[in-house]
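Enquirer: Provided herewith is a single structure, encoded as structure tokens, for subsequent inquiry.
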Number of protein chains: 2
Amino acid sequence: MSRVETINRILRNLQAASPAVEASALISEDGLMLASALPQHVDESRVAGVSATLSTLGSRAARELERGDVEEVLVRGSYGYAVMISASAGTVLLALASREAKLGLIFLDMRRAVDDLRKVV
Amino acid sequence: MSRVETINRILRNLQAASPAVEASALISEDGLMLASALPQHVDESRVAGVSATLSTLGSRAARELERGDVEEVLVRGSYGYAVMISASAGTVLLALASREAKLGLIFLDMRRAVDDLRKVV
């Protein structure tokens, strides 16, 4: 199995484990999509861009607010969650979840996925 | 009691309820500090600026990622949490908490504080 196939399988497994996770993607810190499992109507490059920007600013905010190195950034909106977890080699794992999601479970499943991603990225 | 005194009392009550909350502040969306209970060595204007920037970008990200209107932004760093909750009239309640904090409790106490803030801001 190629590296890209392995990454895609990890993303699909994350969404299978947490049905509330509607979409997931692995994004480089310079805003490029490395792999994704997004709904068809979603513009990949916009998602990658806004996620990388938020992740970079989260990193700056963590330092300036004396919280150390950034590990996770979460945005909760009226329709659900966007969660970003630092993966490896300057990449970020993004998951989009519905409002009904159990946040603790999503963090748990995402951290497991990050452990798997670190073996291949 | 003046409005500013009431806001300061709400911030102090938040920190008394959650000892893991090390600092808190009410910040306008244009990056001005309205009230704060921060450690002395912290630069208020930098905290207000970075928090307002993160909150604004969180709002844009929530819309672009189809999560609706932003309600909360969380950054977890190696030393702890920065949590921002939309309060009222374009303000954001910020809390900085240690790594040992129970995130669910902090969200609960912050939402209560936001309910109180909405009565006076």
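Computed from the coordinates by the stated procedures, all read-outs in this text should not be read as laboratory data. Quick caveat, the model's predicted, so the values are computed rather than measured. No Cβ is skipped: glycine too gets one built from the backbone with ideal geometry, and neighbour counts run over all protein chains shown.
Enquirer: Compare A:LEU96, A:LEU65, A:LEU74 in a GNM of chain A, Cα atoms joined below 10 Å, and give the one with the largest fluctuation.
Expert: A:LEU65
Enquirer: Report P(r) for the protein assembly as shown: all Cα-Cα distances, bin width 10 Å, range 0 to the bin holding the largest distance, values in whole percent.
Expert: 8, 33, 34, 17, 6, 1, 0
Enquirer: OK, next. When the Karplus curve 6.51 cos²θ - 1.76 cosθ + 1.60 is applied with θ = phi - 60°, which whole-Hz ³J(HN,Hα) does each residue of segment A:2-7 get, with x for Gly and Pro?
Expert: 5, 4, 5, 4, 5, 4
Enquirer: Below 16 Å, Cα to Cα, which lysines can A:LYS102 reach? Residues fewer than 8 away in the same chain don't count.
Expert: Reachable lysines: B:LYS102.
Enquirer: Rank-order A:84-92, A:29-37, A:48-56 by packing density, defined as the average count of other C-beta atoms within 10 Å over each peptide's residues, highest first.
Expert: A:48-56, A:84-92, A:29-37
Enquirer: Something else now. Got the relative contact order for chain A handy, in percent, Cα pairs under 8 Å and 6 or more residues apart?
Expert: Across chain A, relative contact order equals 28 percent.
Enquirer: So what are the ³J(HN,Hα) numbers for segment B:92-100, from phi and the Karplus equation (6.51, -1.76, 1.60; θ = phi - 60°), rounded to whole Hz, Gly and Pro as x?
Expert: So the Karplus estimates, Gly and Pro as x, are 10, 8, 10, 10, 10, 10, 6, 4, 7 Hz.
Enquirer: So, one more: Counting partner chain Cβ atoms within 10 Å of every residue's Cβ in A:77-86, what's the average?
Expert: Rounded to a whole number, the mean comes out at 5.
Enquirer: Something else now. From the phi angles alone, apply the Karplus equation (6.51, -1.76, 1.60; θ = phi - 60°) to segment B:104-121 and give each ³J(HN,Hα) in whole Hz, x where the residue is Gly or Pro.
Expert: Listing the rounded values in order: x, 5, 5, 4, 4, 5, 5, 5, 4, 4, 5, 4, 5, 5, 4, 6, 10, 8 Hz.
Enquirer: When you look at the Cβ of every residue in B:49-60, what mean number of other chain Cβ atoms sits within 10 Å?
Expert: Per-residue shielding by partner chains comes out at 4.
Enquirer: Taking the Kirkwood radius as the inverse of the mean 1/r across Cα pairs, report the Rg/Rh of segment A:1-61.
Expert: For segment A:1-61, the value is 1.00.
Enquirer: How large is the Kirkwood hydrodynamic radius of chain B, counting all unique pairs of alpha carbons, in Å?
Expert: Hydrodynamic radius (Kirkwood, Cα pairs) of chain B is 14.3 Å.
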